[in-house]
Amino acid sequence: MRLFTLLVLSYTTLAATIINIPGDYETIQAGIDSSNSGDTIVVDPGTYFENVDFSGKNIVLTSNFLFSNDTLDIIATIIDGNASGSVVSIHSSEDSTAQLVGFSVTNGYSETGAGIFIDQASPTISHCNIYNNLIEMIDGNLHNGQGAGVFVQNSSSNLNFLKVKENNLEYGCASNLCGGGGIYINSSSILLASSEVSNNYLGTGFGAGIRIIESIVTIFSSRITHNSGSFYGGGGIDVESSTLYILNTTISSNSGGMEHGGAGLSVHDMNSLEIVSTIIQYNDCLFDGGGVRIIDSPFNIINSTISYNEVGVGSAGAGIHIEGGNGTINGCTIRNNSINDGGKGAGMNLEFVEIHVSSSSFINNGGVYWNGHGGACAAYSSQVIFQNCLFDSNKVATSEDVGYGSVMYTYSNATSLFRNCTIVNNHDSWAWDPHSNALVVNSILWNNLGRPIQGRQAEDSDTTLYYYSDTSWESIGLGNINIDPLFIDPENGDYSLQANSACVDAGTSLLVIGNDTIVQFTPSQYLNSAPDIGYLEYGWPLSINNNRSTPQTKMSLDIFPNPFNSQMQIQLIIAEEDHYELIIFDLLGHEVYRQSDMTLNIGKNILNFDAFKNTGDPLQSGLYICQIKSSEMSASKRIVLLK
């Protein structure tokens with residue numbers, strides 16, 4: 001054995017004893033047994049038929065990939081569990097300095113964690129391929145199958161640069177504890193970054209790709225694709241009673257959810273759900289929520305694309321299905337999602353929900369043949385506000401006589417408000433029942449087949465109210481016009497207004513009906529004398545139009561880079577002199593850093609943060625909240641630390 005200094009993946013320099021396999025010991029486990037915490041075990045390429053246990057030691061177990069950075073070393077260095085238990089077990093209070101780096105982990109066979117089993121420990125797992133591990137019926141009995149690829153419980157692990165593929169949880173059970181064909185996470189705080197979870201299978205249970213229970217999980221810059229077979233829910237990801245943050249991730253081509261739906265992502269009873277800059281596409285299931293299914297949970301979906309998802313006959317919410325809870329959707333594109341015969345809400349279906357949708361586009365949702373309800377959206381006993389949204393070419397049937405509401409179908413005391421929206425080229429009418437209503441303000445309704453927001457039956461009177469809107473028919477209401485809006489290039493989807501459009505400066509900045517304030521814009525939210533009609537303000541670039549729904553504030557906060565490795569730069573623009581504080585919180589709300597009594601200048605200020613706690617200890621990889629506050633205002637952003 002040799003003693004020298006090397007740089008490990010956590011970027012800290014350690015004086016470590018290097019144990020070589022098979023040079024010093026024939027098996028990996030023999031090397032572990034002879035090691036001490038702080039040692040590094042380097043495994044040469046080859047196939048090692050064994051079941052490895054870290055045995056409570058904070059060691060680095062690595063292939064030559066740690067030194068070569070060549071992924072061929074990952075492929076060529078294989079730990080094969082020989083179908084006789086978990087391939088790698090880490091379950092004796094190991095911390096983040098215990099690392100598994102650069103292996104192929106395969107042929108595990110266990111009821112929990114057939115590939116990697118982690119419990120009561122918080123190791124770092126990185127640059128590993130975890131594939132062809134199996135959980136199946138044992139002795140003719142159904143067991144609580146959990147995590148065919150990776151099982152994580154009671155842990156604060158970082159899982160980085162993993163490929164979790166083609167693992168098989170052939171038989172699980174109907175219990176909510178079963179699931180995770182690829183990864184199972186319970187009672188943990190986990191960062192899953194730059195990873196791929198794909199082509200995993202789950203026969204019975206929840207989450208063919210990933211199953212999460214009572215945990216805090218950040219999924220960053222990852223791909224969750226082609227997972228299938230989940231009978232109960234969540235072909236891609238299924239989450240219960242957790243805090244979940246998904247950023248810069250693709251959830252695509254997952255299937256399953258025959259009983260509860262949510263082929264791409266299914267969540268319920270959440271503490272918090274936030275989806276940012278994520279693509280959710282080409283997922284399909286027989287039940288509700290082809291792309292996303294949210295039950296009884298708060299949510300925020302931001303700058304994401306939800307497209308080409310599908311549900312079965314009579315099911316709802318091909319793009320998004322939300323049942324219970326409240327939240328926001330901002331800056332999203334929801335397009336080309338398809339319901340089947342008798343389905344509701346091709347783009348989005350809402351039941352018992354309060355939601356604010358802003359700066360978003362609903363395009364070409366529909367796809368049914370008969371008796372569809374709500375091409376862009378359907379709402380049952382819900383309250384929905386659309387602000388600065390585009391509705392283009394949505395439909396609910398192949399015939400204009402057998403569909404209900406190409407844009408909006410509301411029923412059972414649902415209410416909808418369309419504020420500064422553009423509604424064009426949609427098909428099929430009749431969108432509300434007599435116990436629901438819609439209000440349209442500062443909006444354009446043009447070139448639609450029939451009225452896209454209208455009664456469910458042809459004989460119903462139209463209770464939709466229109467104010468300061470441009471409609472293709474003579475509509476009764478204050479400030480309405482019936483003039484070609486003069487879009488710049490509607491054939492190519494550009495619905496910006498020409499300079500001489502009658503919709504420019506034709507809206508209202510204030511509308512009060514009874515005791516309700518429907519519109520109240522500040523001058524910072526529009527140009528010239530009044531807001532324009534439609535979803536884009538003439539003369540403003542798209543970046544400003546996308547933020548029209550939020551009044552300008554006296555504080556602007558940006559973080560660069562984000563995610564960051566060792567140092568981030570905080571750019572703060574303020575309009576008032578005051579004493580300011582910088583505070584960093586973890587996701588549990590614990591304060592980890594505070595810098596108080598900062599005197600900042602009006603205008604731009606630059607602050608640096610070096611990822612250390614006030615105690616001097618370095619922060620671990622994960623998701624944090626950066627807050628700047630003064631005596632009168634505050635601003636916050638989520639930050640991701642990756643080491």
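The values are calculated or read from the model by the stated rules, or taken from the named source; none is laboratory data. Since the structure is predicted, the reported quantities are computational estimates derived from the model, not experimental observations. Glycine also receives a Cβ, built like all others from the backbone with ideal geometry; neighbour counts cover every protein chain displayed. These area figures cover heavy atoms from the full protein model, side chains too; ligands, DNA and RNA do not enter into them. Shrake-Rupley method; radii C 1.70, N 1.55, O 1.52, S 1.80 Å.
Would the stretch 416-436 turn up any residue that is at pLDDT 95 or above and touching a Lys or Arg at 6+ places or on another chain (Cβ under 9 Å)? Within the stretch 416-436, one or more residues are at pLDDT 95 or above and touching a Lys or Arg at 6+ places or on another chain (Cβ under 9 Å).
Taking the stretch 164-207 as the range and being in a loop (DSSP other than H, G, I, E, B) and at pLDDT 90 or above as the test, the residues that pass are E166, N167, G180, G181, G182, S187, S188, S194, S195, N199, N200, G207.
For the stretch 316-363, the strands (runs of 3 or more DSSP E) that sit wholly inside it and include 2 or more residues that are closer than 19 Å to S381 by Cα and aliphatic (A, V, I, L, M) are 320-323, 348-351, 354-358. Take V60 and decide whether it is touching a Gly at 6+ places or on another chain (Cβ under 9 Å), farther than 18 Å from H91 by Cα and modelled with pLDDT of 95 or more. So V60 fails the test. If the condition is being over 19 Å from N271 (Cβ atoms) and of a type in the set (V, I, T), then the stretch 179-228 contributes I183, V197, T204, I224, T225.
In the condition set (1) surrounded by 24 or more Cβ atoms within 10 Å (Cβ to Cβ); (2) assigned to a strand (DSSP E or B); (3) touching a Phe, Trp or Tyr at 6+ places or on another chain (Cβ under 7 Å), L273 is compliant with all but (1). Here is the figure for the stretch 221-234: residues that are crowded, with 24+ Cβ neighbours inside 10 Å and closer than 14 Å to L192 by Cα total 2. Being in contact with a Cys (Cβ under 9 Å, 6 or more places away or on another chain) and either within 19 Å of L247 (Cβ to Cβ) or at pLDDT 80 or above (or both) holds for only one residue in M598, M568, and it is M568. Contact map, the stretch 593-622: residues that are free of Cβ contacts under 8 Å to residues at least 24 places away in the same chain paired with residues that are acidic (D, E) and surrounded by fewer than 18 Cβ atoms within 10 Å (Cβ to Cβ), Cβ distance under 6 Å, separation 6+ or inter-chain. Pairs shown: S596/E581. In the stretch 287-301, the residues that are under 16 Å from G235 (Cα atoms) form Cβ pairs under 6 Å with partners that are part of a loop (DSSP other than H, G, I, E, B) and of a type in the set (A, V, I, L, M), at six or more places apart or across chains, as follows: G290/A263; G290/A318. On the stretch given as the stretch 490-500, residues that are open to solvent by 50 Å² or more (accessible area, probe 1.4 Å) and more than 17 Å from P531 (Cα to Cα) total 3.
Figure legend. Inter-residue proximity from the stretch 623-641: first residues surrounded by fewer than 16 Cβ atoms within 10 Å (Cβ to Cβ) and charged (D, E, K, R), second residues assigned to a strand (DSSP E or B) and at pLDDT below 85, beta-carbon distance below 6 Å, spacing 6+ or different chains. Indicated pairs: K637/L557.
Residue-by-condition table, conditions (1) farther than 17 Å from L177 by Cα; (2) under 12 Å from the mean Cα position of the chain (by Cα):
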position	(1), (2)
I237	no, yes
S241	no, no
L247	yes, yes
S253	yes, no
N271	yes, no
I275	yes, yes
T278	yes, yes
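Residues that are in contact (Cβ under 8 Å) with a residue 40 or more places away in the chain and assigned to a loop (DSSP other than H, G, I, E, B) were ranked within the stretch 208-220; the one that is surrounded by the fewest Cβ atoms within 10 Å (Cβ to Cβ) is G209. Can you name every residue in the stretch 253-265 that is outside any loop (DSSP other than H, G, I, E, B) and either open to solvent by 10 Å² or more (accessible area, probe 1.4 Å) or modelled with pLDDT under 95 (or both)? If the condition is that a residue be outside any loop (DSSP other than H, G, I, E, B) and either open to solvent by 10 Å² or more (accessible area, probe 1.4 Å) or modelled with pLDDT under 95 (or both), then S255, G256 are the ones that fit.
The residues of the stretch 279-289 that are open to solvent by less than 20 Å² (accessible area, probe 1.4 Å) and at pLDDT 95 or above, listed by number, are I280, N283. Considering each residue of the stretch 512-530 in turn, none proves to be more than 37 Å from the chain's Cα centre (by Cα), at pLDDT below 90, surrounded by 12 or more Cβ atoms within 10 Å (Cβ to Cβ) and under 26 Å from N365 (Cβ atoms).
In the stretch 410-421, the residues that are under 13 Å from V353 (Cα atoms) reach residues that are aliphatic (A, V, I, L, M) and crowded, with 20+ Cβ neighbours inside 10 Å with C-beta atoms within less than 7 angstrom, at least six apart or across chains, in these pairs: T410/A379; T410/A431; T410/A438; A414/A379; S416/A379; S416/V384; S416/M408; S416/A438. Applying a threshold of 8 Å to beta carbon distances and a minimum spacing of six or more residues, or different chains, the list of pairs starting in the stretch 14-43 at a residue that is at positive phi and ending at one that is buried (at least 16 other Cβ atoms within 10 Å of the Cβ) reads G38/A16; G38/T17; G38/N58; G38/I59; G38/T97. Consider the stretch 235-252. How many of its residues are open to solvent by less than 10 Å² (accessible area, probe 1.4 Å) and within 16 Å of N186 (Cα to Cα)? Result for the stretch 235-252: 5.
Of all residues in the stretch 95-133, how many are part of a loop (DSSP other than H, G, I, E, B), open to solvent by 40 Å² or more (accessible area, probe 1.4 Å) and within 17 Å of N51 (Cα to Cα)? Result for the stretch 95-133: 3. Within the stretch 47-61, does at least one residue satisfy the condition of being surrounded by fewer than 14 Cβ atoms within 10 Å (Cβ to Cβ) and either touching a residue at least 40 places away in the same chain (Cβ under 8 Å) or more than 19 Å from A98 (Cα to Cα) (or both)? Yes, the stretch 47-61 has at least one match.
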